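Pasting in a structure now, in structure tokens, and then I'll have a few things to ask.
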Amino acid sequence: MSGKYLVTGGAGYVGSVVAQHLLEAGHEVTVLDNLSTGFRAGVPAGAAFVEGDIRDAAKWLDSSYDAVLHFAAFSQVGESVVKPEKYWDNNVGGTMALLAAMRETGVRRLVFSSTAATYGEPETTPITESAPTSPTNPYGASKLAVDHMITGEAAAHGLAAVSLRYFNVAGAYGSCGERHDPESHLIPLVLQVAQGRREAISVYGDDYPTPDGTCLRDYIHVADLAEAHLLAVAAAQPGEHLICNLGNGNGFSVREVIETVRKVTGHPIPEVAAPRRAGDPAVLVASAATARERLGWNPSRADLAGIVADAWEFAQRNDVKAEGH
Ligand SMILES: NC(=O)c1ccc[n+]([C@@H]2O[C@H](COP(=O)([O-])OP(=O)(O)OC[C@H]3O[C@@H](n4cnc5c(N)ncnc54)[C@H](O)[C@@H]3O)[C@@H](O)[C@H]2O)c1
Ligand SMILES: O=c1ccn([C@@H]2O[C@H](COP(=O)(O)OP(=O)(O)O[C@H]3O[C@H](CO)[C@H](O)[C@H](O)[C@H]3O)[C@@H](O)[C@H]2O)c(=O)[nH]1
């Protein structure tokens with residue numbers, strides 16, 4: 001059955017890919033985005049677009065919507081350390097306003113973009129949803145605060161809600177891909193070296209307790225992630241806040257990622273050893289058993305070379321420098 005969905009942050013990387021999947025599944029989509037980090041051109045064709053802020057969600061939300069998929073947030077870990085107030089204001093304040101608008105209009109279904117950063121330095125691997133949550137930066141803390149808000153909203157007011165805790169999102173889907181500015185994520189940065197837009201990739205730390213000394217991360221294709229969102233909309237139950245990790249359960253080191261980019265692009269990628277980046281856990285790998293069981297999620301694009309190949313194709317088609325917001 002087709003539905004009508006508000007996608008906050010749908011001009012950004014993940015939101016645009018999910019909006020595209022919703023459209024392909026025959027749903028009606030309105031993107032609400034203030035273009036603070038997103039791009040008007042990133043909104044998929046076929047989606048209605050409102051340039052606006054989630055703090056003013058009450059202006060645009062009405063009872064005709066079946067659900068909200070909430071991506072709008074700031075998500076730069078490093079920036080959150082130096083400007084924590086920016087993260088509390090947008091991520092927490094913005095979501096409070098959105099939840100109030102949903103309550104007032106009777107829109108009672110929500111899928112929220114949470115993050116592995118809510119866990120902080122893990123005590124055990126792979127990470128399950130019952131692991132302790134002890135974020136190591138204000139970004140992760142702000143996302144955890146929103147998860148707590150949603151738990152309360154479900155219990156007190158019957159919201160049907162799912163928080164999806166993404167691990168390392170990568171890859172592209174059709175015309176939608178990653179073009180953060182500034183970029184901080186490993187795969188797009190290594191691809192910029194392959195494109196000749198950067199001289200070398202800095203390897204942040206090579207003395208971690210891992211097989212090659214560099215950090216291990218669980219890379220998930222953005223299209224597999226998008227499929228989980230469609231399943232989550234359908235699986236959400238009134239009065240319940242379900243939290244699901246999304247990852248493939250495989251850890252790849254920074255060096256393995258760089259080597260994969262060399263193979264996929266055929267370009268030499270010079271590396272430069274650099275100090276550890278503050279707040280980086282050595283290993284972040286998900287157990288996604290809950291998503292498989294409760295959502296029926298079955299990711300099919302776990303191959304790292306395939307993820308990198310899709311990101312590479314997108315990077316070659318899009319020159320961020322040439323585009324404005
Ligand atoms: N990309 C990842 O690896 C990753 C990992 C874990 C969690 N997440 C979460 O997923 C979501 C999407 O991430 P992304 O990588 O697509 O980021 P992004 O910056 O590409 O997209 C975020 C979008 O939200 C918009 N936005 C921000 N504040 C807004 C506001 N107040 N009102 C309206 N629009 C607003 C921005 O303009 C942008 O288009 C974020 O909530 C992020 O925290 C991302
Ligand atoms: O130029 C770079 C960039 C990154 N790295 C390393 O590559 C790994 C991956 O870094 P990313 O910045 O791509 O991703 P993170 O693991 O830091 O971040 C991801 O996980 C976080 C949770 O900790 C948040 O959810 C965040 O949104 C999400 O992208 C890390 O070990 C990082 O130190 C480098 O060595 N050089």
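The values are calculated or read from the model by the stated rules, or taken from the named source; none is laboratory data. Computed from a prediction, not measured in an experiment: that's the story for all the values here. Methodologically, a virtual Cβ is constructed for each residue, glycine included, from the backbone with ideal geometry; neighbour enumeration extends over all protein chains shown. Each accessible area value is taken on the protein alone, full model and side chains, heavy atoms only, with ligands, DNA and RNA left out. Shrake-Rupley method; radii C 1.70, N 1.55, O 1.52, S 1.80 Å.
One residue is enough: does the range 227-236 have a residue meeting the conditions of a type outside the set (A, V, I, L, M), touching a residue at least 24 places away in the same chain (Cβ under 8 Å), more than 11 Å from ligand 2 (Cβ to nearest atom) and crowded, with 16+ Cβ neighbours inside 10 Å?
yes
To continue, here is another question. Within the group G38, G15, which residue is outside any loop (DSSP other than H, G, I, E, B), crowded, with 20+ Cβ neighbours inside 10 Å and modelled with pLDDT of 95 or more?
G15 is the lone residue from the list that is outside any loop (DSSP other than H, G, I, E, B), crowded, with 20+ Cβ neighbours inside 10 Å and modelled with pLDDT of 95 or more.
Hey, can you tell me all the residues within the range 153-184 that are open to solvent by 20 Å² or more (accessible area, probe 1.4 Å) and over 24 Å from L35 (Cα atoms)?
A155, A156, H157, G158 - these are the residues of the range 153-184 that are open to solvent by 20 Å² or more (accessible area, probe 1.4 Å) and over 24 Å from L35 (Cα atoms).
Shifting gears a bit: Condition (residue is within 15 Å of ligand 2 (Cβ to nearest atom) and either β-branched (V, I, T) or more than 18 Å from the chain's Cα centre (by Cα) (or both)) applied to the range 97-105: is it met by at least one residue?
No: the range 97-105 contains no residue that is within 15 Å of ligand 2 (Cβ to nearest atom) and either β-branched (V, I, T) or more than 18 Å from the chain's Cα centre (by Cα) (or both).
Please work out which residue is most open to solvent (accessible area, probe 1.4 Å), limiting yourself to the range 91-111 and to residues that are in contact with an Asp or Glu (Cβ under 9 Å, 6 or more places away or on another chain) and assigned to a helix (DSSP H, G or I).
Selected residue: R103.
Out of the residues in the range 154-170 meeting the condition of being in a loop (DSSP other than H, G, I, E, B) and more than 10 Å from ligand 1 (Cβ to nearest atom), tell me which one is nearest to the chain's Cα centre (by Cα).
If we take residues in the range 154-170 being in a loop (DSSP other than H, G, I, E, B) and more than 10 Å from ligand 1 (Cβ to nearest atom), then L159 is nearest to the chain's Cα centre (by Cα).
Based on what the data block shows, is G52 open to solvent by less than 20 Å² (accessible area, probe 1.4 Å), free of Cβ contacts under 8 Å to residues at least 24 places away in the same chain and near ligand 1 (Cβ under 7 Å from one of its atoms)?
For G52, the condition - open to solvent by less than 20 Å² (accessible area, probe 1.4 Å), free of Cβ contacts under 8 Å to residues at least 24 places away in the same chain and near ligand 1 (Cβ under 7 Å from one of its atoms) - is met.
If you don't mind, another one. Taking I243, is it closer than 23 Å to P126 by Cα, in a strand (DSSP E or B) and touching a residue at least 40 places away in the same chain (Cβ under 8 Å)?
yes
For residues that are of a type in the set (A, V, I, L, M) and touching a Phe, Trp or Tyr at 6+ places or on another chain (Cβ under 8 Å), tally how many sit in the range 175-204.
Residues meeting the conditions: 3.
Which condition number in (1) touching a residue at least 12 places away in the same chain (Cβ under 8 Å); (2) open to solvent by 40 Å² or more (accessible area, probe 1.4 Å); (3) in a helix (DSSP H, G or I); (4) away from ligand 1 (no atom under 16 Å from the Cβ) is the one that R276 fails?
With (1) touching a residue at least 12 places away in the same chain (Cβ under 8 Å); (2) open to solvent by 40 Å² or more (accessible area, probe 1.4 Å); (3) in a helix (DSSP H, G or I); (4) away from ligand 1 (no atom under 16 Å from the Cβ) applied to R276, the lone miss is (3).
Moving on to the next point. Go through T151, T210 for me and flag whichever is hydroxyl-bearing (S, T, Y), closer than 17 Å to S253 by Cβ and more than 15 Å from ligand 1 (Cβ to nearest atom).
Only one candidate qualifies: T210.
Something else now. Could you list, ordered by first residue, the pairs with Cβ atoms under 8 Å in which the first is in the range 282-304 and under 28 Å from V264 (Cα atoms) and open to solvent by less than 20 Å² (accessible area, probe 1.4 Å) and the second is β-branched (V, I, T) and assigned to a loop (DSSP other than H, G, I, E, B), at least 6 apart or interchain?
A282/T210; V285/T125
Another one. Please state which of the following conditions L23 fails to meet, knowing it meets all the rest: (1) open to solvent by 10 Å² or more (accessible area, probe 1.4 Å); (2) in a strand (DSSP E or B).
Every condition holds for L23 apart from (2).
While we're on this one: Look at the range 279-314 and say how many of its residues are assigned to a loop (DSSP other than H, G, I, E, B) and either among the aliphatic types (A, V, I, L, M) or in contact with a strand residue (DSSP E or B) (Cβ under 8 Å, 6 or more places away or on another chain) (or both).
Qualifying residue count for the region: 10.
Of the residues I150, I187, I201, I220, which is within 12 Å of ligand 2 (Cβ to nearest atom), farther than 22 Å from P126 by Cβ and open to solvent by less than 30 Å² (accessible area, probe 1.4 Å)?
Unique residue meeting the criteria: I201.
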